[in-house]
Structures are given as structure tokens and as C-alpha cells.
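Remarks on the structure that follows.
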């Protein structure tokens, strides 16, 4: 299963803000260049993230965006719900019936699946994503060093 591109971009942008947590706000133009996402698309994403209280903006010179809460308090589900316009994850209004689907049972299946996905994503904070990213990078570094120090004969 894959998240929509919009959600992936928003999560990636939020992770970039997390990496710069102790610095000045990051301008959207800088983020858009860094992530190779158009500025207008980035503006749309950040308008939604700001409306949902996930980021805060500072205007003027030196302005940009920062996370509005600590990393542990921002869940991946918060980001997905913000950019996908999901107000209540237990009510899926954008259901498209599959071919041959029984309308009631199919809707119930998708509603249940949506709840399960939301529950799973609600258990993952940005802090945990950052920790996982760091551990993966450390593992890759150790693997690279061990393969370089032991030449293949």
C-alpha cells in the first residue's frame, strides 16, 4: 500500500523542518528547491499544514516555516489528514466502488481499512520517523565501512 504523493511530499517536507528545528524558519522556496517540488504545490501543502496547526509561519525577511509542536507530538496521521482533507478518518467519503462490489459490504470494508490505516499512522510520531532514519543511516554506514575494510578475494 502506498500513501498518496501529496502525503509523501508533506511528510518529507515536515521531516526537513524537523532537521532544521534549531535554526531559523525555512522559506518555502528553499524547501521546494531542496525537495524538487514546485513552489506553488509547496504553498498549497503548507497552507493546509498551517490550517491544521502543524506548522507556524513567520513573514518578512528571515521568514519561513517551523514546526508548531515538538516532534513527539506530531503524528504522521496528523500530516496525512491535513493534506488529504480528512476531517474524520472513520468516515471515508471519497469511496470509489470496485467493479462488482456490493455497495454496503464494500463501503464497510473500506471504512474499516481506513480506520486501521489511521490507527497505525496515529502511532508514529515525527520523532520516531527521525530515529528510524538515523538508525538506517548508521546501519548503512557500518555496512559500507565493513565491506570496505574486508576486500573480497
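Worth a mention:
- Residue in region 87-107 that is at pLDDT below 95 and under 28 Å from residue 131 (Cα atoms) present: yes
- Residue list for region 1-18, filter: surrounded by fewer than 14 Cβ atoms within 10 Å (Cβ to Cβ) and in contact (Cβ under 8 Å) with a residue 40 or more places away in the chain: 1, 4
Listed here are the residues, each with its yes/no results for (1) within 21 Å of residue 127 (Cα to Cα); (2) in contact with a strand residue (DSSP E or B) (Cβ under 8 Å, 6 or more places away or on another chain).
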residue	(1), (2)
6	yes, no
10	yes, no
16	yes, yes
22	yes, no
27	no, yes
31	yes, yes
36	no, no
43	no, no
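- Residue 16 meets each of the listed conditions (1) more than 21 Å from residue 118 (Cα to Cα); (2) over 14 Å from the mean Cα position of the chain (by Cα) apart from (2).
- Checklist (1) buried (at least 18 other Cβ atoms within 10 Å of the Cβ); (2) at pLDDT 95 or above; (3) in contact with a strand residue (DSSP E or B) (Cβ under 7 Å, 6 or more places away or on another chain); (4) more than 21 Å from residue 131 (Cα to Cα) applied to residue 64, failing item: (2)
- Filter pass, residue 39 being surrounded by 12 or more Cβ atoms within 10 Å (Cβ to Cβ) and farther than 15 Å from residue 85 by Cβ: yes
The values are calculated or read from the model by the stated rules, or taken from the named source; none is laboratory data. None of the values given here were measured: they were computed from a predicted structure. Glycine also receives a Cβ, built like all others from the backbone with ideal geometry; neighbour counts cover every protein chain displayed.
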